[in-house]
Amino acid sequence: MPKPTPAVSRVLPDGRIVELVFRKEEKRTRFIVGDGNRYEETETLDLPEEGKLVPYSATNNLIKHEVLLLPDHPEPFGSVPELVSEIEGYLHRYVDLGDSFRTLAAYYVLLTWVYDAFNELPYLRLRGDYGSGKTRALFVIGSLCHKAFFASGASTISPIFHTLDTFRGTLLFDEADFRFSDEKAELVKIFNNGNVRGFPVLRTAVTQKKEFEPRAFNVFGPKIVAMRRSFEDQALESRFFTEEMGNRPLRGDIPINLPEKQKEEALSLRNKLLSYRLFALPKLRIDDSLVDATLSPRLNQILVPLLSIVGEEELRTPIRMLVQGLDDSLRNARASSIEGLLVEVLSGLLSTEEGRLIPVGDVASRLQGMVGVDTGRPLTARYVGYLLRTRLGIETVRRQGVYMVSDIEPERLETLRARYSLANTNEDINPLY
């Protein structure tokens, strides 16, 4: 007889949802099996294809020490707006967040419980210096999330991969500013691959026979991080909805130390959120009508799943406004990046040069004179040529010993201007064509 398989959660072919719960006082775990209308509790589950499933044991180190946070039974939650209001009230009691971000965070908590209904997800971030309250916010928000588990900059990467792959929960990461580049690179892999379904991270594992073989780790799922700075990669930055912490005096009614009742409130809300998952997951679908033409494709990709769980349009407004501000910041960052400035220089030279071939040295000279460029190395003609080829895909050709920018079609230049959020200046750059 095959051994039972330990399991955490499943969505069964008949639509029923299986979730793990943990009874701390009883020191045991159980399955909750429900379909949105009713649920039952069981210690084992027999499936035709997988055989017998058993809950992960209460003696599991992550469960026993509450590194992984679970509900203990489903509780009625009323309506979705009532549940969101209760979550916002809980957040307001224990952490100082802006009103719009508090609403967004409340809906993000809901999203963590039904994230497997979608193929793309945003991340949440608390950013600020030490003493700004970012770790408190991470803990308070994270205590409500689906199968949340806590990690920090002191953790090694390997258990994070294994925990994500096993429990498929919400990663809560504190002090995500790694000092060691190899560990930071591994963390960045998780973030780069973890917001779109179907992009596991491959790592080499050692089998029982001491053989090396690649293994795919599923890292898709919601993630909340607290960090002091930003990631260098703008593409990764665009995956985060960020709250800047410590920009205003701390409210006097927020307790310096979290009271014991905070854990009780968080557990009660997790129980209600479990009921929300059983109720909402079978019905949720992506709502493509929520795409906002004024936002970038990347932000639409991560925003629409969040808006799809928000019922009323008036409740979506503060979230849209917050994200619009994020989009503006990203556009400004792209426009002032070295690539954006290069496109601006090319546009200006194309509007004044009599020939289509522009010396790379002229591009470098213009770029050197622009304020705010900090590349960490001199902007020589050789380096600028490298940037043109590798960052912008613009080829250079050699003519009489001088490297020149090859012919650029107007459509190509306008595409680059749009990519780096530069104003459309068709009438200014096309006199040569």
For this session: Could you tally the net charge around GLY36, taking each other residue with its Cβ under 11 Å from the Cβ of GLY36, Lys/Arg +1 and Asp/Glu -1?
Result: +3
For this session: Please give the residues of segment 215-231, grouped as numeric ranges, whose backbone N is less than 14 Å from a label point set 7 Å along the Cα-to-Cβ vector of VAL188.
Result: 230-231
For this session: Label segment 207-312 by shape, choosing from rounded, prolate and oblate, from the square roots a ≥ b ≥ c of the eigenvalues of the Cα gyration tensor; if a/c is under 1.5 it is rounded, and otherwise prolate applies when a/b is larger than b/c, oblate when it is not.
Result: rounded
Problem set entry | the chain - mean residue ellipticity at 222 nm from DSSP helices (-39,500 (n - 2.57) per run, n ≥ 4, rounded to 500) | -12500 deg cm²/dmol
For this session: Could you please state, rounded to a whole Å, how far the C-alpha centre of segment 97-159 is from the C-alpha centre of segment 379-411?
Result: 43 Å
Problem set entry | Inter-label distance for THR156 and VAL397, nm, one decimal - labels placed 7 Å from Cα along Cα-to-Cβ | 5.6 nm
Problem set entry | Theoretical gain in end-to-end length, GLU312 to GLU211 [0.36 nm per residue, Cα-Cα removed] | 30.9 nm
Exercise. Given springs between every Cα pair under 10 Å in a Gaussian network model of the chain, which of LEU330, LEU349, LEU144 has the largest fluctuation?
Worked result: LEU349
Exercise. Within the chain, what is the longest stretch that has no GluC sites (Glu not before Pro) placed in a DSSP loop and near at most 10 other beta-carbon atoms within 10 Å?
Worked result: 50-210
Exercise. Taking the Cα-to-Cβ direction at ASP99 and at GLU411 and moving 7 Å from each Cα, how far apart do the two end points lie in nm?
Worked result: 4.8 nm
For this session: Starting from the Cα of LYS283, draw a straight line to each of the lysines and keep only those under 18 Å, dropping any in the same chain fewer than 8 residues away.
Result: LYS272
For this session: Mind running the shape call on segment 68-333? Use the C-alpha gyration tensor, a ≥ b ≥ c as the square roots of the eigenvalues: rounded below 1.5 for a/c, prolate if a/b tops b/c, oblate otherwise.
Result: rounded
Problem set entry | Range in the chain, longest, excluding exposed trypsin sites (Lys or Arg not before Pro) [loop by DSSP; at most 16 other beta-carbon atoms within 10 Å] | 39-178
Problem set entry | Within the chain: Cβ-based charge dipole about Cα centre, in debye rounded to nearest 20 (Lys, Arg +1; Asp, Glu -1) | 1260 debye
Exercise. Under 15 Å from the Cα of LYS134, which aspartates and glutamates turn up, not counting those fewer than eight places away in the same chain?
Worked result: ASP96, ASP174, GLU175, ASP177, GLU243, GLU244
For this session: Can you tell me the 0 to 90 degree angle between the C-alpha axis of helix 157-167 and the longest principal axis of the chain, rounded to 10?
Result: 50 degrees
For this session: Starting from the Cα of ASP287, step 7 Å along the direction of its Cβ; do the same at ASN247; then give the gap between the two resulting points in nm.
Result: 2.8 nm
For this session: Would you work out the relative contact order for the chain, in percent, from Cα pairs under 8 angstrom that are 6 or more residues apart?
Result: 15 percent
Problem set entry | Reachable lysines, given that their alpha-carbon falls under 16 Å from the alpha-carbon of LYS52 and they are not under 8 places away in the same chain | LYS3
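The numbers here are math on the coordinates, done by the rules we state, and not lab data. Quantities reported herein were computed from a predicted structural model and do not represent experimental measurements. Positions of Cβ are generated from backbone atoms using ideal geometry, with glycine treated the same way; all protein chains shown enter the neighbour counts.
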